[in-house]
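Encoded as C-alpha cells, the structure appears first; notes follow it.
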Amino acid sequence: MDTAVQESVRVLKGVGPQLAEKLGRLGIEDVADVLFHLPLRYQDRTRCSAIGELRPGTEALIVGRVEASGVRYGRRRSLMTVISDDTGRITMRQFHFSQSQSRGLSRDRFIQCYGEVRSGPAGLEMVHPEYRFLEDREEASVEAALTPVYPTTEGVGQRRWRDLTDQALSLCKGSIPELLKDEYLADFGELSLSDALMLLHRPPPGVDLDTLGRGTHPAERRLAFEEMLAHQLAMRERRQRRDSKSAVPIPLSRELWPRLQEQLGFTLTGAQQRCIDEIGSNLGRATPSLRLLQGDVGCGKTVVAAAAVLAAVEAGQQAVVMAPTELLAEQHLSVLGNWFAQLGLEPVWLSGRMGQRDRQAACARLASGEARIAIGTHALFQDDVAYQQLGLVVVDEQHRFGVAQRLALRNKGQTDGHVPHQLIMSATPIPRSLTMVMYADMDISIIDEMPPGRQPVETVVLPNTRREDVQERIREACARQRRAYWVCPLIEESDVLAAQAATSRAEALKSELPELRIALLHGKIVPAEKDKIMSAFRSGEVDVLVATTVIEVGVDVPEASLMVIENAERLGLSQLHQLRGRVGRGDRQSVCLLMYQAPLGNMAKERLATMRQTTDGFAIAQKDLELRGPGELLGTRQSGAPQFRIADLARDRALLTAVQYTADKLLRDHPDSAAPLVARWVRAGLAFSHA
Ligand code: ADP
Ligand code: MG
C-alpha cells in the first residue's frame, strides 16, 4: 500500500487546522489528494517569444523596447504603451495606473512582460500584464520549468500550492508503487505513475503545451486511464460480491402476466418484449440481479415493470415499486393499480403523507404477507416497514434517489439471507459508450423503440421578440381543449430569480390571455400545493401551466400538446429534451416552441438546431456529450456514477474501450493488483454505486 500518501495533509509543513479545512473544501484530505490535484493550466515563462509570432488567446513572455506611451481618453481612460522588438509591436494597456507608473514608461526603456495576448482595436495587446524594467535586453530572466496554475479556493494562493505539491512530490518519491505493468501502458509511453505526476506538476521546458493541461498529453491520459480502470475494477468487484449472495429465483409469470396482456389494449413493442425477456433471464437466477431499464420518456417502461412485478408475485414473493416523488408514485399507483385490480391484486400504498392509522394498517398487511405489492415513495423503506418476503425492488427514476436510500430498501429483503432482485428504471438516455463504464456493475436493457402511432413533437425555434405570436398559438390551442406548458428557466443561478421570472410571466399571461386559466409552479411552492396544482392541470381545470424547470420529472398529462420554453438557449440539451418529453404523450400532434434571446452563441445555436432536427433521446445525449461533457448528462453525485478526480468521461471517452479490455486482462493475468488499484483511486462509499 502507498503508506506515505495516505497520511493526512496535516503532515505537510505549513498545514494547520485552518488550511486543512480549506483544502477539505476541495475534497483534499490526504497527501495522495494533493498529488492528484493537478494544475488547471501552465504558464510558459521559460522562454521569451518574438512579438511578431504572438497569437491572440495565448499567454506569453516578451521583451521589448518602449516606443511610445500615453493616456487615451476613450470610453474608459487607459494608459497605452507601445512595445516593440525586431519582429513586431504590441500595445500594453492599463486601466489602473499611477502617475509614477505612467512616467516610468519612458521611451527606449527595456521592459519584460508576461500576460495574455488579445487582439485589440489597433493590433495585438496585453491588458495589465505583469511587467518589470530591464537594464538591457540581455538581463531578461526566464524560469527553468513551466509554471503550474492550480485550481484553488479562496485563501489558498498559487505559491502555497507549489509548496504543497513540492512537499508531496518529495515525500512520495519512490514510495508510490507502480501498479500497472508496462504492457498496459504501451499507449502512454510506458510512463510510470510517479513520472507522470512529476511531469504534470513540474513540466520541463519544451514540453508540448498544446496538449498539456488539455487532457491529451500522455501523462494526463495515463492517469485518467489508471483512474477509470480502478473504477471499472471496483464495479466488477461489486458485481462479484453480489453474485456471491443468494436470491430466490423468480421464473417468468405464466398466468398473471398473460392475463394482463390480454387486457392491456395494446401489443408490446419488440423492444419491450426483449427487455422483459432480458429481465426474466436475471430473475430466474438464484443470485440477486441488478438491471437498469433505460428508455426515453413515453417508451413504455411501466408495463415492463408490471411484467416483472407479476412474475415475483406468482413466485410467492413480494414486490415494491418506488418513485422519487408523491406525484410519480401516485401515477404508478393509478396505472399499475388499475392493471393489477383486474387480476384481483390490490397494491398497498405507502407515502410520507399518510396518517398514522393508514400507515400502520399498510405496514401490517406487508409484514403479514397479506399484501403482495407495495407502491410508494421513500416511505417504503422506513424503519417501521417490514416485509414478509421481499423478492423484487423496482425503482423509478433512480437518479433522484440517493444510493443509500435504494440500498436501505434492498436490505429490507434480507430475511433468511436472501437479497431481492432490483430493477431500476431511468428515462435519462446515456450513450452506450458511457453506460458500459458507468454502470459496469449492472445489466442494462434499453427500450429503443416508441409505441406505434406516436406523433413526433414538432419543434420550432424562434426569438423572444415573437412572444405575442406564441401567445396567440396558446390561445388557439386552448380553444381546442388542449393544454400548454410555459417554462421559464433560470435567468441567473438562483431559484429565487427563476421563481420571480415565472411569477411575472404568469401575471403577464393572465392579463394578456384573460379567458384562460393559468397556474404557476416553481421550486418555492410546498410539495402538497405543487401536487394540487399538477392535479388541476392534469384534470383540465388549468389550461396553461407556467413553471420553472421543476416540471422536468416524469409527469404524464397526455392532453398537454404545447410546450413553450423561454430563454431556451440557456438550457443544456438533456434538459431541453426532458422538458420537451412532457408533450407528445397523447395521439395529437404536439408542438414545442423554443424561444431564445438573441444573439446566439455557437454552442447554443448548435443545441437548438439539434433539438429541431431530432427527437431521439440517445442521439441527443450523444450530441450533448460531444458539446459539453457528461457532467450535466449524468446529473448529480446521486446518479451513482463514479466521481473522477482526473478522468473526464467526455474528454477521455476514447479510452473507454481500452479500460474495459484492460480490466478483463488484468483480472485474468494479474488479479492481485486489482485491490490496491481500487484502494488508491476509489474512495469508499463516495465513488459509487450499486451494491
Ligand atoms: P415511460 O417509459 O415514460 O414510463 P409509460 O410506461 O408511462 O412510459 O408509457 C407511456 C404511455 O404509453 C402509457 O400511456 C402506456 O400505456 C403507453 N404504452 C406503453 N406501451 C405501449 C405499447 N406497446 N403500445 C401502445 N401504447 C403503449
Ligand atoms: Mg415512467
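Every number here is computed from the coordinates shown, using simple stated rules; none is lab data. Predicted model only: the values in this text are computed from it and were never measured. Don't worry about glycine lacking a Cβ; one is built from the backbone with ideal geometry, like all the others, and counts go over all protein chains shown.
Worth pointing out:
- Alpha carbon Rg of the range 256-447, scaled by the compact-globule rule 2.2 N^0.38 Å: 0.96
- Note on the range 130-215: Cα-only Rg and Dmax are 16.8, 54 Å.
- Lys, Arg +1 and Asp, Glu -1 on Cβ, resulting dipole of the range 51-139 about Cα centre, debye, nearest 20: 700
- Net dipole in debye of the chain [+1 Lys, Arg Cβ; -1 Asp, Glu Cβ; about Cα centre; nearest 20]: 1100
- Dipole magnitude of the range 176-245 about its Cα centre (Cβ charges: Lys, Arg +1; Asp, Glu -1), debye to nearest 20: 620
- For q = 0.24 Å⁻¹, Debye-computed log10 I/I(0) when each Cα of the range 51-139 counts as one equal scatterer: -1.32
- Angle between the chain longest axis and helix 270-283 axis [Cα atoms, degrees, rounded to 10]: 90
- Estimated purely from DSSP H runs of n ≥ 4, each contributing -39500 (n - 2.57), the mean residue ellipticity at 222 nm for the chain is -11500 deg cm²/dmol once divided by its residues.
- The range 267-345 and the range 43-118: distance between their alpha carbon centers, rounded to Å: 68
- Compared with the alpha-carbon gap, the fully stretched path from ASP416 to GLU237 is longer by 62.0 nm at 0.36 nm per residue.
- Looking at the range 63-124, the chymotrypsin sites (Phe, Trp or Tyr not before Pro) that sit in a DSSP loop and have at most 14 other Cβ atoms within 10 Å of their own Cβ are PHE95.
- Rh by Kirkwood over Cα pairs, then Stokes-Einstein D for the range 311-350 at 0.890 mPa s and 25 °C, µm²/s: 227
- Taking the longest Cα principal axis of the chain as reference, the axis of helix 527-539 is set at about 60 degrees.
- Note on the chain: the alpha carbon radius of gyration divided by the globular reference 2.2 N^0.38 Å gives 1.15.
- Helix 326-341 and the longest principal axis of the C-alpha atoms of the chain enclose an angle of approximately 30°.
- For the chain, share of DSSP beta bridges that run antiparallel, in % to the nearest 5: 40
- For the chain, lysine pairs separated by 8 or more sequence positions, or belonging to different chains, with Cα-Cα distances below 19 Å total 7.
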